[in-house]
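The values are calculated or read from the model by the stated rules, or taken from the named source; none is laboratory data. This one's a predicted model, so the numbers in the text were calculated from it and none came from an experiment. When we count neighbours, we look across all protein chains shown, and the Cβ atoms used for this are built from the backbone with ideal geometry, even at glycine. Accessible surface areas use protein heavy atoms only, side chains included; no ligands, DNA or RNA. Shrake-Rupley method; radii C 1.70, N 1.55, O 1.52, S 1.80 Å.
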Amino acid sequence: MIIEFLERKKVSKSREIADYIEKNEVYLTHSMLVKFSELAYEMENSTQEKFYDKLSEIELDMKKSRKDRGTELIEKIERMKMPVYSDTLREFEKRVRKIKSDQISVKYPRELEGGEILLEIKLKDYRDAAKSLDSLNKNRVVIEEMMRIFENGIWEE
């Protein structure tokens, strides 16, 4: 199936790419397969290097499950394709994890583009309100860092 996806995108060495996937026992869901073939196409057409040559340099953690190796592979390819964006997104998501809780959720555009970050507070009683507002206040610096990353589109220390 992967060969058909890659050949539709006119990616060279699709047989070798499929062999790499099989050898590394990588499981790709349908949506991951679509993403993988799009990345392969974009990378192959944006540089002189063939996608397979870059792919063959990637080492995966064989202790992970097959599906987790699929996720790891996609993340490593995205990082190769867009290293600055990948680092920026990783730093942004670190901060999101710091402020998220059962009562507080964070919503933002995946590409960190657009006008807003939505912090949503779920309240069951007045104690939840105090707890959530206190948590947001304690994480004010983290929220400000998130907004700087979001506004600039790039992580700068």
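Consider segment 42-57 and keep the residues that are hydroxyl-bearing (Ser, Thr, Tyr) and loosely packed, with under 15 Cβ neighbours inside 10 Å. The one that is farthest from residue 81 (Cα to Cα) is 56. Restricted to segment 100-128, and to residues there that are closer than 20 Å to residue 151 by Cα and out of contact with any strand residue (DSSP E or B) (no Cβ under 8 Å at 6 or more places or on another chain), the residue that is surrounded by the most Cβ atoms within 10 Å (Cβ to Cβ) is 112.
Comparison of 60, 6, 39 shows that the only residue that is touching a residue at least 40 places away in the same chain (Cβ under 8 Å) and open to solvent by less than 90 Å² (accessible area, probe 1.4 Å) is 39.
Candidates in segment 9-36 are the residues that are of a type in the set (Val, Ile, Thr) and crowded, with 18+ Cβ neighbours inside 10 Å; of these, the one that is nearest to residue 69 (Cα to Cα) is 26.
Considering (1) in contact with a Ser or Thr (Cβ under 7 Å, 6 or more places away or on another chain); (2) at pLDDT below 85, the lone condition that residue 6 does not fulfil carries the number (2). Return yes or no: is residue 65 over 19 Å from residue 9 (Cβ atoms), open to solvent by less than 70 Å² (accessible area, probe 1.4 Å), over 14 Å from the mean Cα position of the chain (by Cα) and without any contact (Cβ under 8 Å) to a residue 60 or more places away in the chain? Considered against the rule, which asks whether it is over 19 Å from residue 9 (Cβ atoms), open to solvent by less than 70 Å² (accessible area, probe 1.4 Å), over 14 Å from the mean Cα position of the chain (by Cα) and without any contact (Cβ under 8 Å) to a residue 60 or more places away in the chain, residue 65 comes out as yes.
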